[in-house]
Structures are given as structure tokens and as C-alpha cells.
1. Quick one: net charge of Leu206's neighbours, Cβ under 15 Å, K/R +1, D/E -1?
2. Extension gain Trp245-Arg203, at 0.36 nm per residue separation less the Cα-Cα distance, in nm?
3. Non-local amide H neighbours of Ser94 (under 5 Å, H modeled in plane, Pro and chain starts lacking H): which ones?
4. Suppose the chain between Glu226 and Leu213 were pulled fully straight at 0.36 nm per residue; how much longer would it get relative to their current alpha carbon spacing?
5. Rounded if a/c is under 1.5, else prolate if a/b is larger than b/c, else oblate: which is the stretch 11-204, with a ≥ b ≥ c the root eigenvalues of its Cα gyration tensor?
6. Angle check, please: helix 198-223 long axis (alpha carbons) against the longest principal axis of the chain (alpha carbons), in degrees 0 to 90, nearest 10.
7. Of the residues Glu140, Glu226, Glu113, which exhibits the maximal mean-square fluctuation in a Gaussian network model of the chain defined by a 10 Å Cα contact cut-off?
8. Starting from the amide H of His191, placed 1.01 Å from N in the peptide plane, find each other amide H under 5 Å away whose residue is 5 or more places distant or on another chain.
Amino acid sequence: MLEHPAYGSLRPVTPFASVLLENNPSAMTLDGTNTWVLRAPDSESCVIVDPGHHEIEHLERVAGCGPAEVVLLTHHHPDHVEGAPWLAGRLGVSVRAFDPVLCLDAVSLEDGELLQLGGLRLRVRHTPGHTGDSVCLETEHDGVRAVLTGDTVLGRGTTVIAHPDGALGDYLRSLRLLVEVPAGTVGLPGHGPELADLAETARYYLEHREQRLDQVRAALRELGDEATPRQVVEHVYADVDPSLWGPAEWSVRAQLDYLRQS
Ligand SMILES: [Zn+2]
């Protein structure tokens, strides 16, 4: 596993992407929120992705990476977006996201849209599943390919499906899209360390989901089709820290929805 820097220092990950780790660690945010600063080596201005929680010390550091052209958001969870209005005001830029509600002085992002920002070409991919509004941002510069994945694929462990906003059928489709990125494409996640090969991790995520689905099917055979999500969680996630049973219940609700619809 890759080493993590101390909080508060900008760490280059590719020639065009650096990360500022917010000091907001938790079971859900892992080491904290990754705020990404994208800038081609010959560009004067940057793009900020996911400012994080509204924590001024972190946001001031992010602002110090400017000048910026825009703030982009991968999805609506507060640990990604809460600081966006303050940061956008500070930098004098707009905010763009898939959900129009999150946008400030700009239109929403569209699936397939090509953005020319920070000297880079960024392709927007709508990848619902973790949430309905989740997007990934694909880019390539000087032969280095990278995808910012938000919480669709994390740097460690697996992500949750925030039922009912997120949906498992959508999520499996989004993972299949990410499995198709060229080998060696770097994954730049919303939490946790970067991924050397995003497609490989996406493949692992798919396998993990299939396994969990099989476990839920087996649990339903034992507990009966009317089992509650909580009962299924305690059965399937017996090997997982009980503090994660709350989030796991979202995933199980999504799994039950998926299985009961198909
Ligand atoms: Zn999230």
C-alpha cells in the first residue's frame, strides 16, 4: 500500500494531478477527503475537484493552489461538496456538478461532455450507483491516463451504495464501464490512495459485488424471503466491524431491491 503524506501538503500523483488530503478521517472517509488539483505542466491555472468538508484551514490551502478555472464535484455527499460555495467565492469561479442543485453560476455536467480546463481535456462519465449523480472524469496527458473516480471506486476497501439514491443495477453498469478503461489507467479516488490500474480494481469490485449478491441470496434462503435488511446485514457482514453495519445496511437494501426486481 502506498504511503500517505501528512495532512496539509500538496502531493503530486501524476504530472498533472496533485492531491490535498483533508484532515477529516472517519470510517466513511477513510484517511480523509482527497481534494484533487488538476493542471497540465504548462498551464497557469488549475481545476479543483471535490473541495471537501467546510473546514477553512483545508480550503485556504486549496485556494492557495490557484488561480483556478472552476470547481468540479464528483457527487453530492457533504464530505466532497460542503466547502464548494466558500471556495468558489474565494477563487471567484463557478461550481459544476451533475446535479444542477450543486452548480453555482454554471450549468450542470453532462454525460460524455468534453471539458477543456487547466490545459487538460477532461471527459465526463456519468457513473451512478454510489449515488445517482456520481460522475468520473477521464483524462490523458503526455501518455499518462487517469480517471478521477469520486466514491465510485475508492483507494482502499469497497464503496457503499447510498440506497435509495444509489442503485446496484446502475452501479454494476458503471463498474463495467470502468473495467473497459485501458490497462495502466491510474485511478484517482475520492478517498484512499491512488490506484495503479483502475480496470483491475473495478474488476475486483465487480467480483466482490457478485460474491455479496450470492451471500445475500444464500441468507434469504436461510432467513426466508421476508428477512429485514438488518437481519441480512448481521448474517452476511458477520465478519465486518459492527460500526460499519449502518452503511452496510444501505448496500443490503440496494441488493435486496436489485434481487427482488430481477
Ligand atoms: Zn460519497
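Rule-based calculations on the coordinates, nothing more; no lab input. Model, not experiment: these values are computed from the prediction. Cβ placement follows ideal geometry from the backbone for every residue including glycine, while neighbour counts extend to all protein chains displayed.
1. On the way: positive: Arg173, Arg176, Arg203, Arg209, Arg212; negative: Asp170, Glu180, Asp197, Glu200, Glu207, Glu210, Asp214.
Residues near Leu206 contribute -2 overall.
2. Working: separation 42, 0.36 × 42 = 15.12 nm, distance 2.43 nm.
Net length gain for the segment: 12.7 nm.
3. Val71
4. Numbers: separation 13, 0.36 × 13 = 4.68 nm, distance 1.63 nm.
Fully extending the segment from Glu226 to Leu213 adds 3.0 nm.
5. Details: a/c = 1.38, a/b = 1.19, b/c = 1.15.
Here the stretch 11-204 falls in the rounded category.
6. 30 degrees
7. Glu226
8. Counting only residues 5 or more places away or on other chains, the set is Asn34, Gly155.
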